[in-house]
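The values are calculated or read from the model by the stated rules, or taken from the named source; none is laboratory data. All values derive from a computational prediction rather than experimental measurement. Cβ coordinates were reconstructed from backbone atoms using ideal geometry, including for glycine residues, and neighbour counts include every protein chain displayed.
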Amino acid sequence: MATPLWAPWRMPYIVRSDKAAGAKGTCFLCEHPVVQESFRENLILLVQEHAFVCLNRYPFTPSHLLVTPRRHVSDLSDLSSEEYLALMTLLRDSAERLRRAVGCSAMNVGFNLGADAGAGVADHLHGHIVPRWPGDTNFMPVLADVRVMPEYLDDAWRRLHQAFADLPGQRAPAPTDSRGSLG
Ligand SMILES: [Zn+2]
């Protein structure tokens, strides 16, 4: 039976007062996919015309992805058929690439529609893809210190960046710094 996940680094996110900001110009899901030079910093893996995929900065497990429509809407029914198809296609393609890149044995995939369903940013629809491994809660305390997360997240981004190279869309340039590829 699965053990509930413990992710203490989510606390700063949960207590942030501005996380649900949905006013024009203040939504990170609207702002982050715009500037390609900031894709790595913002943990973005791929930006397409109607949808994009990024790592969740406050993940439940390593390499937790968010798949998001480009347009600021809160519900699946707000999407046009074209946008819906683009979002679901990217969700499918991202799950496939995530599984291949991190070797997870299972995944949780889904949408939290509305704050009462657990959506942290309820105003801008986003799907979650959470990779799971047998006994994955066992190693979570190793990653529990919030201060280690920025470096860990960049490692996860580097691992996944190449995995999206075969899909159409905008990506950050390949990492060239000396830390090298994780393979
Ligand atoms: Zn937005």
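Here are the numbers for this structure:
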| read-out | value |
| --- | --- |
| Identity of the residue in the range 14-42, more than 16 Å from the ligand (Cβ to nearest atom), modelled with pLDDT of 50 or more and assigned to a loop (DSSP other than H, G, I, E, B), that ends up farthest from ALA174 (Cα to Cα) | GLU41 |
| Candidate set from the range 86-133 (those that are free of Cβ contacts under 8 Å to residues at least 12 places away in the same chain and hydrophobic (A, V, I, L, M, F, W, C)); member that is farthest from ALA165 (Cα to Cα) | ALA117 |
| Qualifying residues in the range 125-148 (those that are buried (at least 17 other Cβ atoms within 10 Å of the Cβ) and in contact with a helix residue (DSSP H, G or I) (Cβ under 6 Å, 6 or more places away or on another chain)) - the one modelled with the lowest pLDDT | PRO131 |
| Filter pass, THR68 being in contact with a strand residue (DSSP E or B) (Cβ under 9 Å, 6 or more places away or on another chain) and either part of a loop (DSSP other than H, G, I, E, B) or under 17 Å from PRO131 (Cβ atoms) (or both) | no |
| Residue within the range 73-82 that is away from the ligand (no atom under 16 Å from the Cβ) and within 11 Å of ALA51 (Cβ to Cβ) present | yes |
| Condition met for LEU98 (touching a Gly at 6+ places or on another chain (Cβ under 6 Å), at pLDDT 90 or above and assigned to a helix (DSSP H, G or I)) | no |
